[in-house]
Structures are given as structure tokens and as C-alpha cells.
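Inspection log for the structure reproduced underneath, given as C-alpha cells.
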């Protein structure tokens, strides 16, 4: 854990001066994250000199007693997290059980005061108690601040810089903007919602990869290829026929929230269903090497594509957000270098 999972958090604290940490639902070596003093106090505050507040993920305190059985009573759960160094509970567990935990002498007023000091110190540093709240930096946000040009430009910049080129044999990318014919195939090609991933607010503009690509090649031909991202049924013959007649082919595959999300783990690293069959069949039939785009959050095994000469380029896009379709098209056609 120290070598793989902790370094990003350590860097955010030491170099980014992060003021907030969230402890998770999971247990490490049997100890819930929000009840682990070694993690919250000795490591974060001690070794990394964290100076801020630590909050639980939502209901991560309640599950210590209700689901995991780590604590014997709700009051024990409150004591476990406060004494471990957690300050704020996302949920109502501390609100409901801290008073009884104090009455039972399982926590002290000093434990509660420490949590309040950590929380309010950050709010004081932000100036939230300096006079009229509406006159503070974010105290008078208007509708004009939502989806402003600068915010949309930032979303596009983030999407551009988050997309990674994994393979590009014989300089297949960028594609020519003068392409006579282009086939776009795949279940993630014409779905805007997939770009957002999980925990996303309503987008300002959410252009699908297909629509963004058609901004460069208006007559791009589209076929979904699979009935869904799960790809239990693949229209291989139809996709192959389209690929044979196209000058260039872009396959937009991967995952979505039906395959991976909070409380839904994948059991292997393979692309779902018949996606691999569709990819290899289309690549084999195409006149020239194809471009494979992966829209997904978790890792997928594409070693079959890495070693396939008919797959000339592989692009990993993650879940690039509302501007992801535009950013992807810019990269495919050379207006941005990944």
C-alpha cells in the first residue's frame, strides 16, 4: 500500500498542500480506513504533516458497526473514528451517536474539540468568517458563472491533457482531414453520457465522439457494432462490411457505468462480451490499419491489439468529461498532440 496507493495522496499533501482528505469504506488488514490511527494520524498528519480536516466517505462510519461488525455498538464506532483522527462524518452517525458516546465515556470532549478545530481552522483560513459572506470570493456566484467560456475552455484543456496515445505505428495518427471516407464503429462512439463517468454534474455541452469526428469528416459512416457496451451480441458482419468500404476506420470501445462503478467491481481485465471479436474482425477486414479508442476508467487488457499489425493506433481516453468528444476528435485529426 505504501509503495502503490499512498504516493499520490502523499504528493497532494506535501506538494499540493491539500486541506482535505476522505477516508474510504474499505478495511486494510482488517481495520476500517476511517478507524485506522496509523493511516489518518501517524501517516497523514505525522509523516506527511497534513494540516486540514479528514472526512469520511458517505456512511463510511455507519458501516463500521452496521455492516462490517468491527465495532460492537454505534458508540464504539464513533469512538473508533474520532480517536483515529477523523474529523467530519458524511452522514448522520456522529450526529446521532456522539452524545451517547460521550455520556458512556467512550469519547472525551477533547476528542470532539480536536475534530472541530481541524474543521473550523480550514474554514477560517478560507476567510469564511470575515464579514459579509456575500462579499467573499465565492459568495455571490451568478448564473453567468455557470458554463462560462473560461470554464468550458478548462474542461476542454483537461480532456485534451488526459488522453494518452498508447500506440501509433507508421504515424497512422493524425488522420487526414481530407479523408474521403471514414467509418466510426463501436458502442461508445455515439453516447455522450459515457464520457462523464461517475459523480458528474450536468454538462454544459456534451458532444459525442461521433459528432465531434463529423466536424472533421462530415460523411463519416457510423455503426454501433454491439447491442451495448456489454456486447453480448455483436453485429460483426455488418461492421466488417462497413469497414471494407472505408478509407479509414476508428473503433471506439471500452467500458461504461454498467461495467464498472462504485459498488460494482469487474472480475477480469478483458473487454466485455464480444468486443475483442468485433475489434479483430473489423481490423482484419479494413483496407488499412485501424485506430482503437478506449473509453474506460479501469484497466483493460489490450495486449491482443498491441501485437496486431492491423491495429495501428491505440488511444486511451479515460472518462474525459463533457469536452471529451471534442478533445478526442482534435487528437485524432492532429489539432492537439496527446
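Values in this text are rule-based calculations from the coordinates and carry no lab data. Here the structure is a predicted model, which means the values were calculated and not measured. Cβ atoms come from the backbone with ideal geometry, glycine included; neighbour counts cover every protein chain shown.
Yes or no: region 170-189 includes at least one residue that is part of a helix (DSSP H, G or I) and more than 25 Å from residue 262 (Cβ to Cβ). Walk me through how you get there before you give the answer.
Taking region 170-189 as the starting set, the residues that turn out to be part of a helix (DSSP H, G or I) are 170-171.
Retained after the next criterion (residues that are more than 25 Å from residue 262 (Cβ to Cβ)): 170-171.
The answer is yes, given that some residue of region 170-189 is part of a helix (DSSP H, G or I) and more than 25 Å from residue 262 (Cβ to Cβ).
Residue check, residue 9 against (1) within 27 Å of the chain's Cα centre (by Cα); (2) more than 26 Å from residue 263 (Cα to Cα); (3) part of a helix (DSSP H, G or I), all met but one. Which one?
(2)
Please go through region 257-284 and give me each residue that is closer than 14 Å to residue 188 by Cα, in contact with a helix residue (DSSP H, G or I) (Cβ under 9 Å, 6 or more places away or on another chain) and crowded, with 23+ Cβ neighbours inside 10 Å, ordered by number.
The answer is 271, 278, 279.
When you go through (1) more than 21 Å from residue 42 (Cβ to Cβ); (2) more than 30 Å from the chain's Cα centre (by Cα); (3) surrounded by fewer than 14 Cβ atoms within 10 Å (Cβ to Cβ) one by one for residue 67, which number turns out not to apply?
(2)
Considering only region 293-305, I want to know if a residue exists there that is in contact with a helix residue (DSSP H, G or I) (Cβ under 8 Å, 6 or more places away or on another chain) and part of a strand (DSSP E or B).
Looking for residues that are in contact with a helix residue (DSSP H, G or I) (Cβ under 8 Å, 6 or more places away or on another chain) and part of a strand (DSSP E or B), one finds at least one in region 293-305, hence yes.
Filter region 78-114 down to the residues that are assigned to a helix (DSSP H, G or I) and in contact with a strand residue (DSSP E or B) (Cβ under 9 Å, 6 or more places away or on another chain) and list them by number.
80, 81, 84, 93, 94
Tell me which residues, restricted to region 249-281, are in a loop (DSSP other than H, G, I, E, B), in contact with a strand residue (DSSP E or B) (Cβ under 9 Å, 6 or more places away or on another chain) and on the phi < 0 side of the Ramachandran plot.
First, pick out the residues of region 249-281 that are in a loop (DSSP other than H, G, I, E, B): 255-260, 262-263, 265-274.
Remaining after also requiring in contact with a strand residue (DSSP E or B) (Cβ under 9 Å, 6 or more places away or on another chain): 255-258, 271-274.
Within region 249-281, 255, 256, 257, 258, 271, 272, 274 meet the criteria.
Of the residues that make up region 115-125, is at least one surrounded by 15 or more Cβ atoms within 10 Å (Cβ to Cβ) and touching a helix residue (DSSP H, G or I) at 6+ places or on another chain (Cβ under 8 Å)?
yes
Looking only at region 218-237, filter to residues that are touching a strand residue (DSSP E or B) at 6+ places or on another chain (Cβ under 6 Å) and not in a loop (DSSP other than H, G, I, E, B); which one of those is farthest from residue 267 (Cα to Cα)?
Step by step, filter region 218-237, then rank; the result is 221.
In region 162-192, how many residues are within 23 Å of residue 228 (Cα to Cα) and without any contact (Cβ under 8 Å) to a residue 40 or more places away in the chain?
So the count comes out to 1.
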